[in-house]
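Student: Handing you this structure, nothing more for now.
All of the numbers you see were taken from the coordinates with simple rules; none came from a lab. Only a predicted model underlies this, so the values are computations on that prediction, with no experimental measurement involved. Quick reminder, even Gly has a Cβ in these numbers, built from the backbone with ideal geometry, and neighbours come from all protein chains shown.
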Amino acid sequence: MATGKINVSVDNIFPLIKKFLYSDHEIFLRELISNATDATLKLKHLTSIGEAKVEYGNPMIEVKVDKEGKKIHLIDQGIGMTEEEVKKYINEVAFSGAEEFLNKYEDGAKDSGIIGHFGLGFYSAFMVASKVEIVTKSYKDAPAVHWSCDGSPKFNLKKGKKEDRGTEIILHIAEDSTEFLEDARINELLSKYNKFMPIPIKFGTKTETLPKPEDAKEEDPAPTQEVDNIVNNPNPAWTKQPTDLKDEDYSGFYRELYPMQFEEPLFNIHLNVDYPFNLTGILYFPKLTNDLNVQKDRIQLYQNQVFVTDNVEGIVPEFLTMLRGVIDSPDIPLNVSRSYLQADGAVKKIASYITRKVADKLNSLFKNNREDFEKKWNDIKIVIEYGMLSEDKFFEKADKFALYPTVDGAYFTFEELQEKIKDSQTDKDEKLVVLYTTDAEAQHSYIQAAKAKGYEVLLMDSPIIAHLMQKLETSKEKISFARVDADHLDNLIKKDDTQISKLSDEEKEKLKTNLEEVIEDKTYTIQLEAMDSDSSPFIITEPEFMRRMKDMQRTGGGGGMYGMGSMPDMYNLIVNTNHELVGEILNTKTAKKRERLINQSIDLARLSKGLLKGEELTNFIKRSYEMVK
């Protein structure tokens, strides 16, 4: 028997590990199972190259909970360790055996899936254990070894009694960590961190129903048997080649990732690259709502099939965090800060690759089946529009397949839209004016007026559309967006042939005075305009700039000169001086009748704009009945 002192570079390493090395104690199980996986994959590699003269077989990792004895056992059938290796790998804290193995077998081992880079991973056991034992036997012809440590820098090392190759780690669970002696808690951790580990993991047994014998009677119970309860899928879909997978495989894997999600994803993107970094994964486009927040943090990040986190900010571009699926890369460290990830060169390349891959997939879907792409547009537009806003490279690619739907259900790319409307919607300054609505029902009368002039009106109703329009106006030449209720149409798309007013300047002044005497609401700015005689007599508009700033403020950005939510409502009351009703108001001799005509006309305009509510709506209805008596 030997005793000694663990070689550490700082004093009191164990309190440091317990308090500071890992923020979450539960990951001890992830670390230990990862080490067991390493040991098994090392053996697989050594047997494949003929260096280990043993039978690899069908090894598994087993987790056992001894609640009465307050112990957890983790058993693998991997490479095992000799006494010298225990001294080297266990007693020399922060020396990574996986890293040394990768260096030694550099040519072939990188493909063996070794998790590696853990270093202090084994010592995470002391976050939950007051004592840790290792019983191990190497694949080499060497006696078994038994190592134990009670959480101080002292250890015991003696010959072990293990007959079979592999390693058993025994954790004597501390009083403050007895939650990990519950089967349900261990099941939860295995499902969270080890669901797709590359070696089968056994946790207890389960009862399996067998088919009835042919001569069995109907009332006879079906025979059962106890089988190993394997808690993981060692060969998840993302580890396979896309050519080996069918649509049902991708759907099945989605249900495996999100068992409580009943809606099928719209489509998937299979990631597979090995240069200049290694990355695999599958991303799914789910059906999205207009809520940008509830959808995030559904992509799972793995390192060689070990779960790391579902907070992929900094690794996946922000606009893609609304997707779902898995990303797996050995080039992303397991235990580092978020700020480190955001500054890491490899991570930036990964984010750039994912952006390009998603753009290419969307472009392919658009080109190969445009009809289907159009059907899915409302469910995917938030991601695409967000990407166009936040990533310039994505904007360049998406400009070819991003769609702009009209109120009539037609879909145009931007290039197609330009070609469609350039003759009718180019103003006298050679600027293309794109008319749009954010609510086809609420802005119906304005839309109809635009369509009567032969104009196309886009339906742009996503929550970030104001930001995107701003981006389009600054990135493209001679183009502006105007909501159909931002002004009357002759002002929105100014042509050379301006209308001549039927009223003299003196009559206009009188009309404006009459209106100001009746209108008490000072949020309205009165504008007298010469328009077609068959256009509406009164129109309420909301100036594009101020309204768009308010929209942008609600979704973040814009309107910085005002406090959040404090930008005032501003409306223009446009009066058509060429309309017959306006002439009647001007010529009415009775003040009471003139006031009633003005109030009724303005309320009709407010009703059309959706601004007439409550008591004012009640009064309007009452007045309307009196007028039709």
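Student: Could you go through the range 146-151 in sequence order and give the Karplus-derived ³J(HN,Hα) for each residue, using 6.51 cos²θ - 1.76 cosθ + 1.60 with θ = phi - 60°, rounded to whole Hz, and x for Gly and Pro?
Tutor: 10, 10, 8, 8, 9, x
Student: Using each residue's phi in the range 302-309, evaluate 6.51 cos²θ - 1.76 cosθ + 1.60 at θ = phi - 60° and report the 3J(HN,Hα) Karplus result to the nearest Hz, with x for Gly and Pro.
Tutor: For the range 302-309, the Karplus curve yields 10, 10, 6, 6, 9, 5, 10, 6 Hz.
Student: With charges only on Cβ, +1 for K and R and -1 for D and E, what is the dipole size of the chain about its Cα centre, in debye, rounded to 20?
Tutor: 960
Student: I've got another one for you. Post the alpha-carbon centroid distance, the range 133-192 to the range 490-533, in whole angstrom.
Tutor: 87
Student: What is the helix-to-structure angle for 247-257, meaning the angle in degrees between its Cα long axis and the longest Cα principal axis of the chain, kept from 0 to 90 and rounded to the nearest 10?
Tutor: It works out to around 80 degrees.
Student: Hey, can you grab everything whose amide H is under 5 Å from the amide H of residue 129? Only 5+ residues off in sequence or another chain; H modelled, so Pro and N-termini drop out.
Tutor: 174
Student: What angle do you read, to the nearest 10 degrees and between 0 and 90, between the alpha-carbon axis of helix 183-193 and the longest principal axis of the chain?
Tutor: With rounding to tens, the tilt is 70 degrees.
Student: Also: Residue 397: which aspartates and glutamates have alpha carbons under 14 Å from its alpha carbon, excluding same-chain residues fewer than 8 sequence positions away?
Tutor: Those aspartates and glutamates meeting the cut-off are 360, 385, 415.
Student: To continue, here is another question. Compute the FRET efficiency between residue 141 and residue 554 as 1/(1 + (r/R0)^6), taking r as their Cβ-Cβ distance and R0 = 51 Å, and round to the nearest 0.05. Don't skip to the answer; put the middle values down first.
Tutor: Values: r = 73 Å, r/R0 = 1.42.
Computed FRET efficiency for residue 141 and residue 554 comes out at 0.10.
Student: Report, for the chain, the % of DSSP beta bridges that are antiparallel, rounded to 5.
Tutor: So the antiparallel bridges in the chain amount to around 75 percent.
Student: Any chance you could run the full-extension gain for residue 627 through residue 501? It's 0.36 nm times the residue separation minus the Cα-Cα distance, nm to one decimal. Please list the in-between numbers first.
Tutor: Working: separation 126, 0.36 × 126 = 45.36 nm, distance 2.92 nm.
Difference between extended and current length: 42.4 nm.
Student: Projecting each Cα onto the charge dipole of the chain (Lys/Arg +1, Asp/Glu -1 at the beta carbon, about the Cα centre), which of 123, 528, 36 comes out farthest on the positive side?
Tutor: Positive-end residue among those listed: 123.
Student: Tell me the label only: which of (1) 43, 34, 22; (2) 39, 28, 26; (3) 71, 25, 24 is semi-axes √(5λ) of the Cα gyration tensor in Å as calculated from this structure?
Tutor: (3)
Student: What residue among 413, 455, 383 has its Cα farthest toward the positive end of the dipole of the chain, where the charges are +1 on Lys, Arg and -1 on Asp, Glu, each on the Cβ?
Tutor: 383
Student: Counting only helical runs of four or more DSSP H residues, what would the 222 nm mean residue ellipticity of the chain come to if each run contributes -39,500 (n - 2.57) and the total is spread over all its residues?
Tutor: Working: 20 runs with 222 residues, N = 629.
Dividing the helical sum by the residues of the chain leaves -10500 deg cm²/dmol.
Student: Using 26 Å as the Cα-Cα cut-off, could you pick out the over-long pairs in 246/287; 420/478; 451/478; 376/453; 131/202?
Tutor: In this structure, 376/453 lie more than 26 Å apart at Cα.
Student: Taking 7 Å along the Cα-to-C-beta vector as the label spot, tell me the residue 228-residue 275 distance in nanometres, rounded to one decimal.
Tutor: 3.8
Student: Right, here's the next one. Separation between the residue 353 and residue 318 pseudo-spin-labels, each 7 Å from Cα along Cα→Cβ, expressed in nm?
Tutor: About 2.4 nm, to one decimal.
Student: Sticking with the crude label model, points 7 Å out along Cα→Cβ, report the distance from residue 416 to residue 475 in nm, one decimal please.
Tutor: 1.9
Student: Once the Cα atoms of helix 544-554 and of the chain are each reduced to a long axis, what angle between those two axes, in degrees from 0 to 90 to the nearest 10, is obtained?
Tutor: 30
Student: Mind listing the Cα extents of the range 403-492 along all three principal axes, in Å, largest one first?
Tutor: On the principal axes, the range 403-492 reaches 31, 30, 22 Å in Cα extent.
Student: Would you kindly state how much longer the chain becomes between residue 363 and residue 396 on full extension, computed as 0.36 nm times their sequence separation minus their alpha carbon distance, in nm to one decimal?
Tutor: Computed gain between residue 363 and residue 396 is 10.7 nm.
Student: Which FRET efficiency value, to the nearest 0.05, do you get for residue 187 and residue 2 by plugging their Cβ-Cβ distance into 1/(1 + (r/R0)^6) with R0 = 56 Å? If you can, show how the numbers build up before the last one.
Tutor: Numbers: r = 38 Å, r/R0 = 0.68.
The computed FRET efficiency comes out at 0.90.
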